[in-house]
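Dumping the structure here so I can ask a few things about it.
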Protein chains: 2
Amino acid sequence: MRKVTVYDVAELAGVSIATVSFAFTRPDKVKAETLRNVMAAADQLGYVPSASARGLARGRTGAIGIYSYDYLLDPDHDKPATDTRTPAPDGRLFPLYADEVQRGVQIECRRRGYALMLGGNRASDHLPHVIEVAGRVDGLIAFAGALTDGARRQVTARIPVVELGGLERDDARTVLVDNESGMFDLARHLVEQHGHQRFAYVGELGTEEFKARRRGFERALGAGGITVPDVVPAHAGDDASTLRAVAEILALPQLPDAIVCDTDQSALAAIVALRTAGLRVPDDVAVTGFDGILAGRLATPVLTTVLQPMEQVGRVAVEILAGAIDGRDDAGPALPLTCSLFVGSSCGTH
Amino acid sequence: MRKVTVYDVAELAGVSIATVSFAFTRPDKVKAETLRNVMAAADQLGYVPSASARGLARGRTGAIGIYSYDYLLDPDHDKPATDTRTPAPDGRLFPLYADEVQRGVQIECRRRGYALMLGGNRASDHLPHVIEVAGRVDGLIAFAGALTDGARRQVTARIPVVELGGLERDDARTVLVDNESGMFDLARHLVEQHGHQRFAYVGELGTEEFKARRRGFERALGAGGITVPDVVPAHAGDDASTLRAVAEILALPQLPDAIVCDTDQSALAAIVALRTAGLRVPDDVAVTGFDGILAGRLATPVLTTVLQPMEQVGRVAVEILAGAIDGRDDAGPALPLTCSLFVGSSCGTH
DNA sequence: CTCAGAAATCTAAGCGCTTAGATTCTTACT
DNA sequence: AGTAAGAATCTAAGCGCTTAGATTTCTGAG
């Protein structure tokens, strides 16, 4: 089953390969009758143009890559397919931030006629994983933290890169979300609508995003003339650390009115911990999260949180990347995307 | 920013391009010192090998494609990214069958070092969408029904194709799920464990899968000597049709003991309809589904259903495809993957 | 010190397409 | 009929890599 090429089609149609190429790429340049002949020949032979040859000749592949963390694919899947009997761990049941963003990317790629390449090959001995992806595409979207500085430098030397979140850099464009305002609005809601006075803050300051959330929190409390509590440390994605944080809060001389968590996942774990301790949410203490994941919307009580525009992040990233690929280097840094307050019932029944 | 090529690296390292190529692909064939030099030069220049050139020279791309339905990306997204304010419709909040399968594909691709190409370009005037994808990959995974006969013929002429579900064909391999046994087990459970006698069946017979489910149902009832009810028609994904079906059932002279729906989505809609009519599930009537989607597990009552091995479907598909790509045409049709009964509380409290 | 054989490297020919620029065929006028 | 301008088609030169097979360099036994 030798592969059918332009040469085969050209021969059958009785034209040159250039004409075949034109027939597919610029049909208006070809006489109607010739076009019909070529297409008939192609159809008869089952011709499928090679994207490799096309990409090489054109200097672009027509594809965009998305690169995220390896750990999104859980580790215990490093075994043959036939072993997979156990269902995925619970955390994975819900679409995560990265999934939602990817969806946005997918939608926008299709709109613009780009193929989407998912971070693919495992790292070979000499090429880091991301380089393998970078070689296949005209532009790369990367989640903050997924790229080492070295890798970013190397990749940006060849193709434009858009990073999602993190710090702004000069070698890559960045899509930012206004975490600070989001958290500000949330905290203000707690103060103004619910009259909460004593707060606890559970989370971390490990990335720009988390720092911004904290800033928004401090700003809102400051504006209300309320004492800003210290950060009770808990790491995103580590429920045990949230449980410890809640224990710490329960050991305080006085229970706070509200516990503000810097992720939904953490907030949900906190609610469980509080319940276990015999407390009612929100009656005894309010709890809020950040992100807007599905689990929060389905929880009881419905989690009050800050909704991130995840799908939009993905779409905007493609938009910017497409501009960069086409050489339109859209002026200046894009405005950060805005979050919206999502009021559930976990923040108080008022 | 001219692209860095093997030539540049070779020149800087003082070797031929062949040596550069060897350094990357078969490092053991190169003297240690040379290898170091080449790598240093590559690193210094920011060399990223072109997958297009590589694919052309090698005759394979190292990527696998997955092709599903366009309508999984909802239609109202055909507008610029900046307009996206409204959240996705509710149905999309949950990971669907296709998402779970894709996840399995993704995991297995990574394990095997394949890049994954998502159905990409919109159809051009002359090339159907799928052909664009097919030109980029060494093998294609397609959901049943996503491929027209013509497209399948054309694609299979160039690369191996694995279809997920549907009919077995001679030009493409197929990953099958044993829908019949799954539904058989479910129905038997209803009969034997709960002693249900009078049944209603809501669903359709539009595809092989649905027909198999119905067969399993008929077989189980037959085995129990129970009268098999007709299919009350309802279309997957169309909740309104389920509501009509429930109305039809409620109009019967006698309420059945159990309503067996051929999808979870339909079952969940049915539960809502029954509640609206003032009936309790499962006390007044039991309801069951098929698929094992997340929403069912989170519903109250928890939906009794048949769990499809979705992730495994994806993984097995890649496994088969990889075999076909390597010329190992693994003997015979693979066994259908088995479903498992998931007993919630919607089938009766017994 | 020689020389065969192995190891390392190089030369050169593609892989299947795109696309300037050259050539040939049409068409519409004079 | 003759011709110039367009339209249609063709020729041929890459695009950046891989890989036989040729060539050179190294190694160690005699």
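Between B:Ala53 and A:Ala32, what FRET efficiency comes out of the Förster formula 1/(1 + (r/R0)^6) with R0 = 41 Å and r the beta carbon distance, rounded to 0.05?
0.70
By how many degrees, 0 to 90 and rounded to 10, does the Cα axis of helix B:97-112 deviate from the longest principal axis of chain B?
So the helix axis and the longest Cα principal axis differ by about 30 degrees.
In addition: Protein chains only, probe 1.4 Å: how do B:His129, A:His235 rank by accessible area, largest first?
A:His235, B:His129
Let me ask you something else. Stretched out fully, how many nm does the piece from B:Thr25 to B:Leu298 gain, at 0.36 nm a residue minus the Cα gap?
This chain segment gains 93.4 nm when fully extended.
Could you report chain A's accessible area per residue, 1.4 Å probe, as an integer in Å²?
That works out to 44 Å² for each residue.
How long is the gain from B:Ala251 to B:Asp326 if the chain were fully straight, where each residue apart is worth 0.36 nm and the alpha carbon distance is subtracted?
Stretched out fully, the B:Ala251 to B:Asp326 stretch lengthens by 21.2 nm.
Using a 10 Å cut-off on Cβ to Cβ distances, tally the other chain neighbours for every residue of A:44-50 and report the average as a whole number.
Per-residue shielding by partner chains comes out at 6.
Using the structure shown, list the pairs from A:Lys3/A:Lys29; B:Lys3/B:Lys31; A:Lys211/B:Lys3 with a Cα-Cα distance above 32 Å, or answer none.
The pairs that break the limit, which is 32 Å between Cα atoms, are A:Lys211/B:Lys3.
Then there is this: Between B:Asp43 and A:Arg215, what FRET efficiency comes out of the Förster formula 1/(1 + (r/R0)^6) with R0 = 35 Å and r the beta carbon distance, rounded to 0.05?
The value I calculate is 0.40.
Just read off the accessible area of A:Lys3 with the full protein assembly in place, 1.4 Å probe, to the nearest 10 Å².
Number for this one is 80 Å².
When Cβ neighbours within 10 Å are restricted to other protein chains, what is their mean count per residue of peptide A:98-110?
4
Summed for both chains, how many Å² of accessible area, to the nearest 100, are buried between A and B with a 1.4 Å probe?
7300
Any idea how far the Cα center of segment A:1-19 sits from the one of segment A:132-199, in Å?
48
When the helix-only estimate is applied to the protein assembly as shown (DSSP H runs of n ≥ 4, each -39,500 (n - 2.57), divided by the residue count), what is the mean residue ellipticity at 222 nm, nearest 500 deg cm²/dmol?
-12500 deg cm²/dmol
With +1 assigned to the C-beta of every Lys and Arg and -1 to the C-beta of every Asp and Glu, and no other charges, what is the dipole magnitude of the protein assembly as shown about the Cα centre in debye, to the nearest 20?
Roughly 1780 debye, rounded to the nearest 20.
Work out the mean other chain Cβ neighbour count within 10 Å for the residues of A:17-30 and drop it here as an integer.
For peptide A:17-30, the averaged partner shielding equals 1.
Within the accessible area of the protein assembly as shown, what % is carbon and sulfur when the probe is 1.4 Å and the other protein chains stay in place?
Whole-percent figure for carbon plus sulfur exposure: 52.
Could you tell me how many degrees, from 0 to 90 and to the nearest 10, lie between the Cα long axis of helix B:32-45 and the main elongation axis, the longest principal axis, of the Cα atoms of chain B?
The angle comes out near 70 degrees.
Under a 1.4 angstrom probe, counting protein chains only, how are B:Asp138, A:Asp149 ranked by accessible area, largest first?
The most accessible residue leads, giving A:Asp149, B:Asp138.
Can you pull out the trypsin sites (Lys or Arg not before Pro) in segment B:282-332 that DSSP calls coil and that have at most 15 other Cβ atoms within 10 Å?
Sites meeting the loop and neighbour criteria: B:Arg328.
Another question, then. For A:Ala223 and B:Ala277, FRET efficiency with R0 = 45 Å and r from the beta-carbon atoms, rounded to 0.05?
0.30
Between copies, how far apart are the B:Ser340 label points? List them in nm, one decimal, shortest first, with each point 7 Å from Cα toward Cβ, please?
4.0
Compute the label-point distances linking A:Asp28 to its equivalents in the other copies; points lie 7 Å from Cα along Cα→Cβ; give nm, one decimal, shortest first.
5.6
In debye to the nearest 20, how big a dipole does segment B:6-49 give about its Cα centre with +1 on each Lys and Arg Cβ and -1 on each Asp and Glu Cβ?
Charge dipole of segment B:6-49: 180 debye, to the nearest 20.
The values are calculated or read from the model by the stated rules, or taken from the named source; none is laboratory data. Keep in mind that what you see is a predicted model, and the values were worked out from it rather than measured. Note that we place each Cβ from the backbone using ideal geometry, even for glycine, and neighbour counts take in every protein chain shown. Side chains are part of the model used for accessible areas, which takes the heavy atoms of the whole protein and leaves out ligands, DNA and RNA. Shrake-Rupley method; radii C 1.70, N 1.55, O 1.52, S 1.80 Å.
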